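Encoded as structure tokens, the structure appears first; notes follow it.
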């Protein structure tokens, strides 16, 4: 049996819709933990309101954030799969289906970068990247909508032979630049090494990692721990009006490269929109989250 | 940053005295009427109209003007709210000082704060900036009851000037007061002052990590 255009189109539509209306469970748990630790009364109230709003979004089938942004999809194709139909087009059409059917409707957010004209569609929309999973007989798709609120603060700098201190100081510069503005508490993704494009992708993928998981390499997980502590000492707090929790997590990943070391830093706002589904080789669709 | 035990409930537009009575960090709920937009081109148009002595499509003088997007549906001849949500205010930093001064606004708001020139304009006219929770649309939208009027309808929905009636909108936080104080500046300055210490603690943690990893390697 093959995975068909029709199934991928439907899953592309559903994933974007689900991601707009549910804050992931790991993120809700992290917000609850942050609330338990928070000492600033205004921030306690803000964290209460955030959690209540997130629960209301899921319960009432409403958008957590009214800015639906645009969908980015990460696709992992099992090498044992057979495909039937145009898979890239299935994402374009699934996105169009969602726009046509979702209630309440989404607004025009797709922006031409040169004219700033707005639409429901555009060149290379939605953003889809493909990877392979050796030996797997499923296709795993993650959808992560992105909007200006947190998207705008991503940054990338290319170092040559940096020290860990150089890299971490740069991350803190990015945190200071974003300040109160990226809808904190955020998830921070940091990609180090490889090529320019690879570091950016690693950073983005790192924001999608579940909160509470550790990088397998203890050198990297130590870095994550100390950077999280450092970010939360800045005091920007929930919604940037002061408090103990500016980040829910810092996730780092790296690739080997050459002496030049690109370091990419990106942010996901507190609703941390992310959904994943697997389409199995027999056509069965499993919502992973 | 005082933290009152009760949440004040205020009606927009605020009087100049009410605006000046609000303190940094205070949380309030809002009733009354507000004009909102999420549009950059809308701010350009407002600034142009004010510069050239042109008319604005909605009355905005001495009123409340929020950086918010909105979506509505028609029900029984009224425009009922689907959702509202604040947008990043610093995007409009080039235009807001002039808009605040020329219109004599008493309240503005959005998320993430505004720059120094805006803070000074707010102080000079007696206007506050409210921070609203982003991403909390299902609850925040409850207080934005209906849309009363729109202007510049050639723009997309969230970019139009939209006048809303509020009833129990919030909670919102006074993040820039009418006396030249900005919570964002206080926080940014505080973080900058602590940064040498934060970087030193990172250095210490790196040393500890390196020692731990070396010990583990030695087994």
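Please treat every number below as a calculation from the coordinates, not as lab data. Note that this is a predicted model, so its numbers are computed, not measured. Cβ placement follows ideal geometry from the backbone for every residue including glycine, while neighbour counts extend to all protein chains displayed.
Going from the fewest other Cβ atoms within 10 Å to the most, the residues A:61, A:131 appear in the order A:131, A:61.
Placing a pseudo-label 7 Å from each Cα along the Cα-to-Cβ vector at residue B:16 and residue A:89 gives an inter-label distance of 6.5 nm. Residue ranges A:79-88, B:167-176, A:247-256 sort as B:167-176, A:247-256, A:79-88 when ordered by packing (mean number of other C-beta atoms within 10 Å per residue, highest first). In units of the rule-of-thumb radius 2.2 N^0.38 Å, the stretch B:1-71 shows an alpha carbon radius of gyration of 1.35.
Peptide A:179-185 is shielded by partner chain Cβ atoms: per residue, an average of 6 of them sit within 10 Å of its Cβ. For chain A, the longest principal axis of the Cα atoms and the long axis of helix A:41-60 meet at an angle of about 10 degrees. Of the peptides A:16-25, A:185-194, the ranking by mean beta-carbon count within 10 Å, highest at the top, reads A:185-194, A:16-25. Note on chain B: percent of Cα-Cα distances in each 10 Å bin, starting at 0 and stopping at the bin with the largest distance, equals 8, 32, 30, 13, 7, 6, 3, 0.
For B:189-202, what's the mean count of beta carbons from other chains sitting within 10 Å of each residue's beta carbon? List each step's numbers first, then the result.
Values: counts 0, 4, 11, 2, 0, 4, 8, 0, 1, 10, 5, 0, 4, 12.
Partner Cβ neighbours, averaged per residue: 4.
Give the shape of chain A as rounded, prolate or oblate, defined through the alpha-carbon gyration tensor: a ≥ b ≥ c are the square roots of its eigenvalues, a/c under 1.5 means rounded, and otherwise the shape is prolate if a/b is larger than b/c and oblate if not. Please list the in-between numbers first.
Working: a/c = 1.67, a/b = 1.25, b/c = 1.34.
Oblate shape, in that a/c is at least 1.5 and b/c is the bigger or equal ratio.
A simple spin-label model places pseudo-atoms 7 Å from Cα toward Cβ; at residue B:153 and residue A:132 they are separated by 5.6 nm. For the peptides A:29-36, B:72-79, A:63-70, residues were scored by their other Cβ atoms within 10 Å and the scores averaged per peptide; the highest-first order is A:63-70, A:29-36, B:72-79. Summarising the label geometry, the points placed 7 Å from Cα in the beta-carbon direction at residue B:197 and residue B:167 lie 4.9 nm from one another.
Across chain B, the relative contact order, built from alpha-carbon pairs under 8 Å that are at least six residues apart, equals 25 percent. Oblate is the label for the stretch A:230-289, because a/c, from the alpha-carbon gyration tensor with a ≥ b ≥ c as root eigenvalues, is 1.5 or above and a/b does not exceed b/c. Each DSSP beta bridge with both residues in chain B is either parallel or antiparallel, and the antiparallel ones are about 65%.
Roughly how crowded by other chains is peptide B:207-219, in terms of the mean Cβ count from those chains within 10 Å of each of its Cβ atoms?
Numbers: counts 0, 2, 8, 3, 0, 3, 4, 0, 0, 1, 0, 0, 0.
Mean partner-chain Cβ count within 10 Å for B:207-219: 2.
Angle of helix B:116-125 to the longest C-alpha principal axis of chain B, folded into 0 to 90 degrees and rounded to 10: 40°.
Considering only DSSP beta bridges where both residues belong to the protein assembly as shown, give the percentage that are antiparallel (nearest 5).
Values: 59 of 92 bridges.
Here the share of antiparallel DSSP bridges comes out near 65 percent.
When the alpha carbon gyration tensor of the protein assembly as shown is reduced to an equivalent ellipsoid, its three semi-axes come out at 38, 30, 20 angstrom, largest first.
Applying 1/(1 + (r/R0)^6) with R0 = 22 Å to the Cβ-Cβ distance of residue A:288 and residue A:61 gives a FRET efficiency near 0.65. Where does the stretch A:68-189 land on the Kirkwood hydrodynamic radius, alpha-carbon pairs, in angstrom? Taking every pair of different Cα atoms in the stretch A:68-189, averaging 1/r and inverting gives 17.5 Å.
Per DSSP H run of n ≥ 4, the term is -39500 (n - 2.57); total these for chain A, divide by its residue number, and report the mean residue ellipticity at 222 nm rounded to 500 deg cm²/dmol.
Values: 8 runs with 112 residues, N = 289.
The per-residue figure over chain A is -12500 deg cm²/dmol.
Note the angle between two axes, namely the Cα long axis of helix A:196-208 and the longest principal axis of the Cα atoms of chain A, as a number of degrees from 0 to 90, rounded to the nearest 10. Orientation of helix A:196-208: about 90 degrees from the principal axis. At q = 0.16, 0.20 Å⁻¹ the log10 of I(q)/I(0) for the stretch B:110-219 amounts to -0.92, -1.14, computed by Debye summation with a single uniform scatterer per C-alpha, solvent ignored.
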